[in-house]
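Working notes, beginning with the structure itself.
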Amino acid sequence: MTTREENEILTRVGPGTPMGEVFRRYWLPVGVSADLGTKPTFVRVLGEDLVLYRDRSGTPGLLGAQCAHRRANLCLGTTMNKGLMCRYHGWVFDADGSVLRTPSEPPESTFKDNIKQLSYPVQELGGLIFTYMGPQPAPLLPNFDFIAAEGERHVKITGVANCNWLQCAENGIDPLHVSFLHADVWDDLEVEPEMGFQETEWGLVHKAYRPGKAGTYNYREHHLLMPGISAGGSQGRNLKGNAGTPPISCRWSVPIDDEHSLIIRLVFKPADNPGQFQRDPIARAWIAVPIEPYKEYMEKPGDEAPSLGYTMKSVIASEDATIIESLGGIVDRENENLLPFGDYGIVELRKLYLEQVKAVQAGRDPLGTVRDPSKNGIHQIPAWEFDVSEEEFKKGMAAEATVTR
């Protein structure tokens, strides 16, 4: 069981919190490259209010939201050829936080040289804008295949989850929920799976087998990559002519603050796969059905008889959003009753996060840190779905025997 104290450690992400310090050791996506034009935007990451912008030279930057002069929000500012100008009094800041201009001060003034606006380094890869908010020197951004390899990508911010990041991350490492929550969409996965779990160099993976057609088994491999990337292979179902390396669907659950998470989706089809998507692979938004006491009566005031109960759309993203947000802003994990086998992955994932907290507190790098450029080639993540024979199923289960139901 997760104690209340452990839950506090795992869920709080502000500056100086144990899990917040873990997150600050990784590169986190904070925006979509194609969305960021000439106007700055207000964002919040790990409880910190920031402004993301791209100056007129094309250089992106991430600054503290409140201007170092009179604390106006820089999201109202104007992008310059170099840097961002505060709309209130014209101060200009470069991407590294240095002050480039302070109107009304004489040219010989060195006043601005002693002032630094809060800033964090950013870089773009795979259609996303990443930032690093931890101590220097920063590690490398891992070249995962889905953001760095050749192929077709679709990237979108699909919404904001009104809940803590951890329940979003845990959903991805839980193969059992697919058989129930998503049975109306994926009716071939309605059977409870045989499951196995393994720790990887990046995090945790679950491998699930379900009986398929004519003596075959459906095999699904789903990865949780530190600190909170959920990667699976269901997009092969949307490809016509699917062949070669299977596609991957990824979801980042980036903490906005303790009770809100930014949901970013990326779908990657490797260059050797000739398949064509039959529809937009990220057409569905993260939209939860709101749950409120007596909601049905408030929606049907007066004499009209209400229709009691809740209906979720048969859409994977909406089903996940509704269920995950129904757990509350932060789950009271001390009141859970976890299954010895069915919830093995959840238990192991929490242990893994707590181990990273201890590593960072001891001054070590957390799991998945890359610092050597020679070891940062393309990292292939086999988060795939395909059919296997009964013999392959038996071999696979034998390999997972120590951690399998």
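Any chance you could look up the accessible area of TYR219 with a 1.4 Å probe, heavy atoms only, rounded to 10 Å²?
Its accessible surface works out to 20 Å², give or take rounding.
Taking 45 Å as R0, compute the FRET efficiency from the Cβ-Cβ separation of ASN73 and TYR294 and round it to 0.05.
Working: r = 38 Å, r/R0 = 0.85.
Calculated value: 0.75.
Which residue, chosen from VAL122, GLY64, LEU76, occupies the Cα position most advanced towards the positive end of the dipole of segment 55-126, where the dipole is computed from +1 (Lys, Arg) and -1 (Asp, Glu) charges on Cβ about the Cα centre?
LEU76
Using Cα pairs under 8 angstrom and six or more residues apart, how large is the relative contact order of segment 117-199, in percent? Before the final figure, lay out each step's value.
Details: 43 pairs, mean separation 13.4, N = 83.
Value for segment 117-199: 16 percent.
In debye, nearest 20, what is the charge dipole magnitude of segment 27-148 about its Cα centre with +1 on Lys and Arg Cβ and -1 on Asp and Glu Cβ, if you could check?
Magnitude of the dipole: close to 380 debye.
Please determine, in degrees from 0 to 90 and to the nearest 10, the orientation of helix 316-326 with respect to the longest principal axis defined by the Cα atoms of the chain, where the helix direction is its Cα long axis.
That works out to roughly 80 degrees.
Once the other residues with Cβ under 15 Å from the Cβ of VAL122 are scored (Lys, Arg +1; Asp, Glu -1), what is the net sum? If you can, show how the numbers build up before the last one.
Working: positive: ARG24, ARG54; negative: ASP35, GLU48, ASP55, ASP94, ASP96, GLU124.
Neighbourhood net charge equals -4.
Between the DSSP loop rule and a limit of at most 16 other Cβ atoms within 10 Å, which trypsin sites (Lys or Arg not before Pro) in segment 233-300 are left? Kindly include the intermediate steps, with their values, before the conclusion.
Values: sites: ARG237, LYS240, ARG251, ARG265, ARG279, ARG284, LYS295; in loops: ARG279, ARG284.
The qualifying sites are ARG279.
Find the all-direction average of the projected area of the Cα convex hull for segment 194-317, expressing the result in square nanometres with one decimal place.
On the way: hull surface 49.2 nm².
Averaged projected area of segment 194-317's Cα convex hull equals 12.3 nm².
Mean 1/r over all different Cα pairs, inverted: what Kirkwood radius does segment 97-249 give, in Å? Display every interim value, and only then the final one.
Numbers: mean 1/r = 0.0511 Å⁻¹.
Computed over Cα pairs of segment 97-249, the Kirkwood hydrodynamic radius comes out at 19.6 Å.
Based only on the alpha carbon positions, what is the Kirkwood hydrodynamic radius of the chain, in angstrom?
Values: mean 1/r = 0.0433 Å⁻¹.
Taking the inverse mean of 1/r over all distinct Cα pairs, the chain comes out at 23.1 Å.
Expressed as an acute angle from 0 to 90° and rounded to the nearest 10, what is the orientation of the C-alpha long axis of helix 390-399 relative to the principal long axis of the chain?
Between the helix axis and the principal axis of the chain, the angle is about 60 degrees.
Leaving ligands, DNA and RNA out of it, report the carbon-plus-sulfur percent of the accessible area of the chain at a 1.4 Å probe.
C and S fraction of accessible area: 52 percent.
Placing +1 at every Lys and Arg Cβ and -1 at every Asp and Glu Cβ, with all other atoms neutral, what dipole size does the chain have around its Cα centre, in debye to the nearest 20? Provide the component values of the computation, followed by the final result.
On the way: 41 positive and 55 negative charges, 301 e Å.
My answer is approximately 1440 debye.
How much area per residue is accessible in the chain when the probe is 1.4 Å and only protein heavy atoms are counted (Å²)?
Details: 19030 Å² over 405 residues.
So the chain comes to 47 Å² accessible per residue, rounded to a whole number.
Any chance you could give the angle, 0 to 90 degrees and rounded to 10, that helix 344-361 forms with the longest Cα principal axis of the chain?
For helix 344-361, the angle is close to 30 degrees.
Mind scanning LYS39/LYS116; LYS269/LYS375; LYS207/LYS375; LYS375/LYS395; LYS240/LYS313; LYS207/LYS395 and naming the pairs with a C-alpha gap bigger than 19 Å? Let's see the in-between values first.
Values: LYS39/LYS116 22 Å; LYS269/LYS375 24 Å; LYS207/LYS375 26 Å; LYS375/LYS395 31 Å; LYS240/LYS313 25 Å; LYS207/LYS395 13 Å.
The pairs that break the limit, which is 19 Å between Cα atoms, are LYS39/LYS116; LYS269/LYS375; LYS207/LYS375; LYS375/LYS395; LYS240/LYS313.
In segment 279-294, which residues have a backbone nitrogen under 16 Å from the label point lying 7 Å from THR311's Cα in the Cα-to-Cβ direction?
From segment 279-294, the list is 289-290.
Give me P(r) over segment 1-125, computed from all C-alpha to C-alpha distances, binned every 10 Å, as integer percentages.
P(r) for segment 1-125, in whole percents per bin: 13, 39, 28, 14, 5, 1, 0.
The values are calculated or read from the model by the stated rules, or taken from the named source; none is laboratory data. Remember, it's a predicted structure, so these values are computed and weren't measured experimentally. Note that we place each Cβ from the backbone using ideal geometry, even for glycine, and neighbour counts take in every protein chain shown. The accessibility values were calculated without ligands, DNA or RNA, using every heavy atom of the protein model including side chains. Shrake-Rupley method; radii C 1.70, N 1.55, O 1.52, S 1.80 Å.
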